[in-house]
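So the structure is just underneath, and the comments pick up after that.
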Amino acid sequence: MTPARWAGQGRPRRTPVLAALSALLAVIVLAACGSSEPGSGGTGSGASTAAATGFPTAVPAGTKLRVGDQGGTLKAPLDLSGQTTGEPYAVDWSTFASGPLLLEAFRANAVDVGYVADTPPVIAAASGQDLAVIASWQNPAGQLMLATKPGSDIRTVSDLKGKKVAFSVGTILQAYLLRSLDKAGLAQKDVKTVNLLPTDIAGALSRGDADAAVLVEPLASPYLKDNPTAHKVDGADASPSVQYLITTHKALSDPAKQAALGDFVARWVKASAWRDSHIDEFTQKYYVEQLKVPAETGKLLLAKTSPSAFVPIDATSTGGAQKLADLFTSSGVIPKKVDISKVFDARYNSAVQEAQQ
């Protein structure tokens, strides 16, 4: 999705907010694409250091790591925190306008590492595209909300039964809706689907084209402000937003790439911690100076995506992913139950832990 395709942008005064949305979409608006061959399950090979870490740590000369980014979400914290200094490998950065385009690049073997939210790996496990989750972190709840059209008498998620609900099929917006419905004992079949681009949803909802919708910040708060008779739906999902650093099993079969990825994971953990502890500096240097949006907008975006709490890839994290996969199966998005654990690789848990010390 490129800015040229955005529709329903509203009044001109919202333009800076919509400009900043490209950065947030890098985290949350990722269409369902698939991946993965069965992986190693977290065992490494190569240099002797693999015995202690699960992966080789010596990066051979001439190694290159191709990193896929969206809106500077990876590169900006790495650059501004100083973590791109002294990398023992060459880095080839590519920027993509959306999650689907990034995942297409993985299919084409054009990138080695990037990141997605929790929806693409679910479809990956069902479709056979090569993908491996090597690091996981959670951001605070609040990026998404269920809201009603103006003047609606819908109050709780249970009230959505039989109603038209707008969201983006195959994205984290759909995952949010599925989790919310599940809490109320409902499934997607109990509502009428209105499939829209995330940036089109607020406009459609304000016109009454749907009874309720999943909205994403920074469009959600302005929608409620501009439509005072609309309101949030009570009982929606309040779980943290899950993000993943991803690579491919093909990349993990290369000892040089394994070592470079271990270093990159550690640098990303440190860069995330720096960003979360330097809010004003990051807001000024990235959102204001690079994205050319007001500091207030930058802080809003940052508040919805930080702090990042890294979690190990283990039975707990894969269990949460499996539950989401089962919800997608029951909704008919994927045709049959899948084993999501095959998409996860735990070998870099030690790199995350050491970077946090």
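Residue by residue, here is whether (1) among the small types (G, A, S); (2) in a helix (DSSP H, G or I); (3) closer than 23 Å to F167 by Cα; (4) in contact with a helix residue (DSSP H, G or I) (Cβ under 8 Å, 6 or more places away or on another chain) holds:
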{"residue": "P307", "(1), (2), (3), (4)": "no, no, no, yes"}
{"residue": "K323", "(1), (2), (3), (4)": "no, yes, yes, no"}
{"residue": "L327", "(1), (2), (3), (4)": "no, yes, yes, yes"}
{"residue": "P335", "(1), (2), (3), (4)": "no, no, yes, yes"}
{"residue": "V338", "(1), (2), (3), (4)": "no, no, no, yes"}
{"residue": "S341", "(1), (2), (3), (4)": "yes, yes, no, yes"}
Which numbered condition L302 misses (of (1) assigned to a helix (DSSP H, G or I); (2) more than 20 Å from the chain's Cα centre (by Cα)): (2)
Some residue of the stretch 225-239 being among the polar types (S, T, N, Q) and assigned to a helix (DSSP H, G or I): no
Conditions (1) β-branched (V, I, T); (2) buried (at least 16 other Cβ atoms within 10 Å of the Cβ); (3) more than 27 Å from A58 (Cα to Cα); number of the one not met by I246: (3)
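Regarding D159, is this residue surrounded by 17 or more Cβ atoms within 10 Å (Cβ to Cβ) and either at pLDDT 95 or above or acidic (D, E) (or both)?
Numbers: surrounded by 17 or more Cβ atoms within 10 Å (Cβ to Cβ): yes; either at pLDDT 95 or above or acidic (D, E) (or both): yes.
So D159 passes the test.
Of all residues being free of Cβ contacts under 8 Å to residues at least 60 places away in the same chain and within 23 Å of the chain's Cα centre (by Cα) in the stretch 281-294, which is most open to solvent (accessible area, probe 1.4 Å)? Just the residue, please.
Taking the stretch 281-294 first, the residues free of Cβ contacts under 8 Å to residues at least 60 places away in the same chain are 283-284, 288-289.
So of that shortlist, the ones also within 23 Å of the chain's Cα centre (by Cα) come out as 283, 288.
Numbers: T283: 2, V288: 38 Å².
If we take residues in the stretch 281-294 being free of Cβ contacts under 8 Å to residues at least 60 places away in the same chain and within 23 Å of the chain's Cα centre (by Cα), then V288 is most open to solvent (accessible area, probe 1.4 Å).
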Qualifying residues in the stretch 183-200 (those that are polar (S, T, N, Q) and assigned to a helix (DSSP H, G or I)) - the one surrounded by the most Cβ atoms within 10 Å (Cβ to Cβ): T199
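Hey, any hits in the stretch 252-265 for a residue that's assigned to a loop (DSSP other than H, G, I, E, B), more than 17 Å from the chain's Cα centre (by Cα) and polar (S, T, N, Q)? Even if it seems obvious, please write down each step before you answer.
As a first pass, look at the stretch 252-265 and keep what is assigned to a loop (DSSP other than H, G, I, E, B): 253-254.
If we keep only those that are more than 17 Å from the chain's Cα centre (by Cα) as well, we get 253-254.
Among the residues that remain, those that are also polar (S, T, N, Q) are: 253.
Yes, the stretch 252-265 contains a residue that is assigned to a loop (DSSP other than H, G, I, E, B), more than 17 Å from the chain's Cα centre (by Cα) and polar (S, T, N, Q).
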Residue satisfying all of: in the stretch 201-225; at pLDDT below 95 and more than 14 Å from L144 (Cβ to Cβ); most open to solvent (accessible area, probe 1.4 Å) among these: K225
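The values are calculated or read from the model by the stated rules, or taken from the named source; none is laboratory data. Bear in mind the structure is a predicted one, so any value in this text is a computation, not a measurement. Reconstructed Cβ throughout: ideal geometry from the backbone, glycine too, with neighbour counts over all protein chains shown. Quick note on the areas: whole protein, heavy atoms, side chains included, nothing else; ligands and nucleic acids left out. Shrake-Rupley method; radii C 1.70, N 1.55, O 1.52, S 1.80 Å.
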